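Rule-based calculations on the coordinates, nothing more; no lab input. Just so you know, these numbers come straight off a predicted model, no measurement behind them. Neighbour counts run over all protein chains shown; Cβ positions are idealised from the backbone, glycine included.
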Amino acid sequence: MNAKTIIRCAEAADADAIARVQAASWQETYVGLLPASILSAETIEDKAARWKRILGDRADFGTIAVCIAENDGHPCGFASGCQQRTEALKKEGFAGEISAIYVLQRFQRGGTGTALLRAVASSLLEQGIAAASLWCLKSNCVAKRFYERLGGDIIAENANAHGQKTLVEIAYGWRDLASLAVASSHS
């Protein structure tokens, strides 16, 4: 990770920055992987309003951690973790979920994503959650390699129809979050 990059807990005032990073990451990552209708469905203002609600009342959303990465004072990524939202995964012992992770493309492959995942995993562990999962598009090969390099195992698959297109997601799981919390920041 670049020496100018820091990871910190997000505050309510970070909602707009998180929304901008999320919107930019979606455009960089998902064009060609998601239908245009999904990519254009939400504005930055919509995303910011949702993050303001989440950051303003974490308990209501089951949110345990929201971490933001800043490079030289500018937001470049974020990740969040919450209580498991998929009942089948909860029954398999995955009490937590990494609900979002986005890093601007120019800051990828430098340790920022790993540092964000480590921070969220540590927060989940502090709340007594030992195992967690995350969902990823099956067609997102870059993300899949990243999660596999950090020890994630494929534990589930889900297909959803969106108009003419079926989107397939896979869930990665870490049965021992401690292994993710200490993963090398050079991964």
Worksheet item: Which is in contact with a helix residue (DSSP H, G or I) (Cβ under 6 Å, 6 or more places away or on another chain) and among the charged types (D, E, K, R), of Arg118, Arg149?
Response: Arg118
Discussion item. I'd like the full set of residues that are surrounded by fewer than 19 Cβ atoms within 10 Å (Cβ to Cβ) and out of contact with any Asp or Glu (no Cβ under 9 Å at 6 or more places or on another chain), limited to segment 91-105.
Written reply: Lys91, Glu92, Gly93, Ala95
Fill in: Exclusive hit being under 16 Å from Tyr172 (Cβ atoms) and either surrounded by fewer than 17 Cβ atoms within 10 Å (Cβ to Cβ) or basic (Lys, Arg) (or both), set Leu116, Leu137, Leu124
Leu137
Item to complete: Report yes if Ile68 is over 22 Å from Ile129 (Cβ atoms), in contact (Cβ under 8 Å) with a residue 60 or more places away in the chain and in contact with an Asp or Glu (Cβ under 7 Å, 6 or more places away or on another chain), otherwise no.
Response: no
Item to complete: Please specify each residue of segment 35-58 satisfying the condition of being within 21 Å of Asn140 (Cα to Cα) and among the hydrophobic types (A, V, I, L, M, F, W, C).
Response: Ala36, Ile38, Leu39, Ala41
Fill in: Restricting segment 87-122 to residues that are out of contact with any Ser or Thr (no Cβ under 9 Å at 6 or more places or on another chain) and free of Cβ contacts under 8 Å to residues at least 60 places away in the same chain, the residue that is farthest from Cys67 (Cα to Cα)
Lys91
Worksheet entry | Qualifying position, being without any contact (Cβ under 8 Å) to a residue 60 or more places away in the chain, farther than 11 Å from Ile7 by Cβ and buried (at least 23 other Cβ atoms within 10 Å of the Cβ), among Gly81, Gly77 | Gly81
